[in-house]
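Asks: Here it is, the structure in full.
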Amino acid sequence: IVSKLPAVGTTIFSQMSQLAAEHHAINLSQGFPDFAANPFLLQRLAKHSAEGLNQYAPMPGVPMLRAQIAALTARCYQRQVCADNEITVTSGATEALFVAIQMLVQPGDEVLLFDPAYDSYAPAIQLAGGTPVHVRLQAPDYQVDWSLVSAVMTPRTRLIIVNSPHNPTGMVFKESDWLALQQLVLTHQLYCISDEVYEHMVFDQAAQLSAHCFAALAARTVVVSSFGKTFHVTGWKLGYAIAPPSLTAEFRKIHQYVTFASFTPAQYAIADMLQQQPEQVAELGQFYQQKRDFFAAALATSRFTLLPCAGTYFQLLDYRAIAAEMTDVQFCQWLTTEHKVAAIPLSVFYQQGSTDRIIRLCFAKEQHTLAQAAEILCQL
Ligand code: PMP
Ligand code: GLN
């Protein structure tokens, strides 16, 4: 077989979680919670399944859930979207990203990405026949220099993919970033995919902004969200895409032949949750900020340097003072096998690699898990 993705191996998330399991390490690598989801949500899943909602959902998603998504979007961002022709429920944000990229990228198109970048974007662009163009963000705060972005535009540039709050760095766009993005999209007639799976995890009273908040940008954007992140159920693989009607119509043409529809009982359960416990979403930022602060305090006496974390559930650590001679991949292997804490090396999120000495740890964990990991990390 001629590989369509010759440079691609197994994702780092599978690799590190497997290594963690083999070595009985505390797994702070792949991003997922180690605590139970809300009991009401779980009970609703069981109820809907027991009552017989186990057949195909409507292709765009269960109407009740799409109505709740429209209400959530209005509550969080004051944007009115139409549940019938602007919202599509997908099998995780991963499916939404893949479908949006297949829809927007023609062979020969260039797509702007920021490195470090989430690992599913570039392969999806390549499968669509496009070329990813990577713009590098620099530690420690990974701010976008929008003048640099303008400089790499060509007549072939069709799409820009942004991700705020940003995995893996925890950087969050400010209003000025969104305005610069909007200007760029309008000037060059680009489309935008805004990966906002960590949208409700923004810390320190910062405003929760989104492509939804900027009308001219939103008119050319597919906004991607994930219930896996918001409701601590990454294994349910439920997300959604919001886009103007003309884009949504094209999006659904592809979605219907990728998965057709997503897991039915979970769609009903999440609709119930959004309707009956809306405060769960509103409190998520506070919930994860406490975990961030607990973990940072527990690491205060370590020799790691903590990088700023304005959002997401990831903390970056610079380990130069501990083992500057090791690459980040070596350091993560060593940390997992010898010290039983698994992390993700940052260099894998860069097309050209990175010589920084930085690793990513997930703090979506029980306090005792974080305490136990921090105790080990403080001894290095
Ligand atoms: N985008 C980013 C930035 C992510 O971190 C993730 C989750 N790892 C996804 C997309 C995929 O989300 P889902 O699990 O809903 O497919
Ligand atoms: N988004 C998660 C992370 O960044 C992992 C998703 C996956 O395993 N594919 O860790």
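Values quoted throughout were computed directly from the atomic coordinates according to the rules given, and no laboratory measurement underlies them. Just so it is clear, the structure is predicted and the values come from calculations on it, not from any experiment. We place every Cβ from the backbone using ideal geometry, glycine too, and count neighbours over all the protein chains shown.
Asks: Please give the calculated 222 nm ellipticity per residue for the chain, where each DSSP H segment of at least 4 residues contributes -39500 (n - 2.57) and the sum is spread over every residue; nearest 500 deg cm²/dmol?
Replies: Counting only the DSSP helices, I get -12500 deg cm²/dmol.
Asks: So, one more: Once you have the Kirkwood Rh of the chain from its Cα pairs, apply Stokes-Einstein at 37 °C and 0.692 mPa s and quote D in µm²/s.
Replies: My calculation gives 154 µm²/s for D.
Asks: Efficiency by 1/(1 + (r/R0)^6): what FRET value for MET326 and THR305, r their Cβ-Cβ distance, R0 = 22 Å, to the nearest 0.05?
Replies: Efficiency computed from Cβ-Cβ geometry: 0.90.
Asks: Here is a follow-up. Could you run the Debye sum over the Cα atoms of segment 53-276, one equal point scatterer each and no solvent, and tell me log10 of I(q)/I(0) at q = 0.15, 0.18 Å⁻¹, two decimals?
Replies: -0.96, -1.40
Asks: May I ask for the net charge around ALA282, where only other residues with Cβ less than 14 Å from the Cβ of ALA282 are counted and Lys, Arg are +1 while Asp, Glu are -1?
Replies: After counting each charged neighbour, the total is -2.
Asks: Rounded, prolate or oblate: which one fits segment 143-274, using the alpha carbon gyration tensor with axes a ≥ b ≥ c (rounded when a/c is under 1.5, else prolate when a/b beats b/c, else oblate)?
Replies: oblate
Asks: Right, next: Rank-order 363-370, 52-59 by packing density, defined as the average count of other C-beta atoms within 10 Å over each peptide's residues, highest first.
Replies: Answer by packing, highest mean first, reads 363-370, 52-59.
Asks: Another question, then. Roughly speaking, what is the stretch gain from GLN379 to GLN183, that is 0.36 nm per residue apart minus the C-alpha to C-alpha distance, in nm to one decimal?
Replies: Gain on stretching GLN379 to GLN183: 65.7 nm.
Asks: Taking the number of other C-beta atoms within 10 Å as the exposure measure, put LEU65, LEU104, LEU299 in order starting with the fewest.
Replies: Going from least to most buried by this count: LEU299, LEU104, LEU65.
Asks: Select from TYR288, ALA300, GLN275 the residue farthest towards the positive end of the dipole of segment 269-329; place +1 on Cβ of Lys and Arg, -1 on Cβ of Asp and Glu, and compute about the Cα centre.
Replies: Result: ALA300.
Asks: About the Cα centre of segment 131-231, how large is the charge dipole given +1 on each Lys and Arg Cβ and -1 on each Asp and Glu Cβ? Please answer in debye to the nearest 20.
Replies: For this selection, approximately 400 debye.
Asks: So how much slack lies between SER14 and ALA36, counting 0.36 nm per residue of separation and subtracting their Cα-Cα distance, in nm?
Replies: Separation in residues times 0.36 nm, less the Cα-Cα distance, equals 5.8 nm.
Asks: Taking the number of other C-beta atoms within 10 Å as the exposure measure, put LEU247, LEU181 in order starting with the fewest.
Replies: Lowest count first: LEU247, LEU181.
Asks: Rank the residues ILE125, ILE12 as a footprinting-exposure proxy: fewest other Cβ atoms within 10 Å of their Cβ go first.
Replies: By the 10 Å Cβ count, ascending: ILE12, ILE125.
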